[in-house]
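Report on the following structure.
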Amino acid sequence: MMWGTRLKTERGTIALSFALSATALLLVGVGSIQLAMISSGKAKYQSAADTAALAAIAPTTEDAKMAEVAEKTFLANLNSNERAAVASFNVTTETGRVRSALISYTANQASMAPGLIGGAYTPITGTARARKADYRYVDIDLWLDGSASMGVAADEAGRDKLRLLSKNDPEHKNCAFACHIETKLKESNLYSTSEQRAHANGVKLRHDIMKESVQILIDELYDAYPRGLRARYGVARMAASWERQLSFTSDMQKARDFVGTFQLKPGWSSSRLTPALQTGKNTLSSGAGDGSQAKPEKFIIIVTDGMQFDWNAITPGPVGSTACQELKARGFRVGVVQLKYVRLDGDGAFDYWVKPVYDQITPALQACASAGYYFHADNPDEVRAAFRQLAKTLEESLRLTE
């Protein structure tokens, strides 16, 4: 009797243990399968989301359709059951020079054994992001002073030498201007203009330094090419009026060569700077740009001595501020490089017209420039340094490391 009871008890224990073991094994098996399904589901949804994000920022995708393309691509990479399980799908996009798509999704994957392991479904969530920083495109419009005063020597030593060279000129005695003025001296067969005479005698003029320095600016910005800067250059001349001389070109060498051949307006060309700025402003539309190829950022670089003069046809003095303020209001960044107006004390025109307003020139140009974009140079070396600093300022403002 005792043995029989013991046998029955052991059989029951074994049966119970087996049942418990079988249940545990079943739970482990089902759980393993469920985990595998969840892992597979996560991988599938994530792959679809990654593909969708890349499709959204593809060059062929229009800005307005980025979210639509992302959703269609996401669903196209899922089967019907997986699509039906999607509970939410959101896309946040960024357009312009930097295009990005941030996708977030939730899917409710059905459980293999509802009630046995968890609820009826298991939520799967994830995100995917794609981002592409395009080249940064910028238009640099060089507005160069081409009036007669830019033919003055770049420094005091050159000024004095010009006066000495012209001391016997019957019409322009002791003149410090070296423009396209016909000479009346016996050597006129060698130097038909005062500019030629200055160059032949090694005198650097204000516009010579301007051209060299603008070329430095172009060279410095070209050095940023490997870091993503793509610049176009245009050139206009300001004198009696504003004249477009070089249409925008991305050919750096072409722009550089053109600047090297930049000429002052022939003759005793006036400096009608305020009307010239107004005319130039009227040729332009909005300056607002995001740095993309379609909407480049726009800079206007004004290089001048800052003194306007046209005898009695215009009030002599510094440039007016209206055109500059309107350009800045339109989204243009205005850079100003002021080339020192070397004093010509003793010259009748300088003493009568320029000297009374001489101290007003710099404040007016400072007001014309955008914040941080005014540069002043008193001698050729400082001019070159100013243009290098301008290039650095441009680079920093464009955030080329983005």
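The values are calculated or read from the model by the stated rules, or taken from the named source; none is laboratory data. All values derive from a computational prediction rather than experimental measurement. Backbone-built Cβ (ideal geometry, glycine too); neighbour counts: all protein chains shown.
Count of region 311-341 residues, restricted to those that are assigned to a loop (DSSP other than H, G, I, E, B) and polar (S, T, N, Q), is 2. The set of residues in region 203-222 being outside any loop (DSSP other than H, G, I, E, B), touching a helix residue (DSSP H, G or I) at 6+ places or on another chain (Cβ under 6 Å) and of a type in the set (A, V, I, L, M, F, W, C) consists of 205, 209, 214, 216, 217, 218, 221. Please specify each residue of region 387-396 satisfying the condition of being surrounded by fewer than 22 Cβ atoms within 10 Å (Cβ to Cβ) and hydrophobic (A, V, I, L, M, F, W, C). Scanning region 387-396 gives a single hit, 391. Residues of region 95-112 include at least one that is modelled with pLDDT under 90, among the small types (Gly, Ala, Ser) and over 35 Å from the mean Cα position of the chain (by Cα). Of the residues making up region 242-254, just one is aliphatic (A, V, I, L, M) and within 22 Å of residue 281 (Cβ to Cβ), namely 246.
Quick one: is residue 254 within 24 Å of the chain's Cα centre (by Cα), charged (D, E, K, R) and assigned to a helix (DSSP H, G or I)?
yes
Any residue in region 304-315 that is within 28 Å of residue 166 (Cα to Cα), in contact with an Asp or Glu (Cβ under 6 Å, 6 or more places away or on another chain) and in the same structural domain as residue 249 (by TED's automatic domain parsing)? Checked against the condition, which is being within 28 Å of residue 166 (Cα to Cα), in contact with an Asp or Glu (Cβ under 6 Å, 6 or more places away or on another chain) and in the same structural domain as residue 249 (by TED's automatic domain parsing), region 304-315 yields at least one hit. Within region 273-289, no residue satisfies the criterion of being more than 18 Å from residue 303 (Cβ to Cβ), outside any loop (DSSP other than H, G, I, E, B) and in contact with an Asp or Glu (Cβ under 8 Å, 6 or more places away or on another chain). Among the residues examined, residue 92 does not qualify as surrounded by 16 or more Cβ atoms within 10 Å (Cβ to Cβ) and either closer than 17 Å to residue 129 by Cα or in the same structural domain as residue 122 (by TED's automatic domain parsing) (or both).
Quick grid of which residues meet (1) in contact with a strand residue (DSSP E or B) (Cβ under 7 Å, 6 or more places away or on another chain); (2) assigned to a strand (DSSP E or B); (3) crowded, with 18+ Cβ neighbours inside 10 Å:
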position	(1), (2), (3)
70	yes, no, yes
73	no, no, yes
96	no, no, no
103	yes, yes, yes
107	yes, yes, yes
127	yes, yes, no
143	yes, yes, yes
149	yes, no, yes
164	no, no, no
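Within region 223-248, track down each residue that is in a helix (DSSP H, G or I) and within 13 Å of the chain's Cα centre (by Cα). Answer for region 223-248, where residues must be in a helix (DSSP H, G or I) and within 13 Å of the chain's Cα centre (by Cα): 225, 227.
Of all the criteria given as (1) of a type in the set (D, E, K, R); (2) over 30 Å from residue 95 (Cβ atoms); (3) in contact (Cβ under 8 Å) with a residue 12 or more places away in the chain, the one not satisfied by residue 351 is (3). Restricting region 296-329 to residues that are closer than 19 Å to residue 148 by Cα and hydroxyl-bearing (Ser, Thr, Tyr), the residue that is modelled with the highest pLDDT is 304.
For residues that are modelled with pLDDT under 95 and small (Gly, Ala, Ser), scanning just region 277-295, find the one that is surrounded by the most Cβ atoms within 10 Å (Cβ to Cβ). Selected residue: 291. The condition (being more than 22 Å from residue 337 (Cα to Cα) and of a type in the set (Gly, Ala, Ser)) is satisfied by just one residue among 166, 213, 241: 166. When we screen 304, 261 for residues that are among the hydroxyl-bearing types (Ser, Thr, Tyr), crowded, with 18+ Cβ neighbours inside 10 Å and closer than 22 Å to residue 207 by Cα, the only hit is 304.
Restricting 233, 222 to residues that are assigned by TED's automatic domain parsing to the domain that holds residue 325, among the hydroxyl-bearing types (Ser, Thr, Tyr) and crowded, with 21+ Cβ neighbours inside 10 Å narrows the list to 233.
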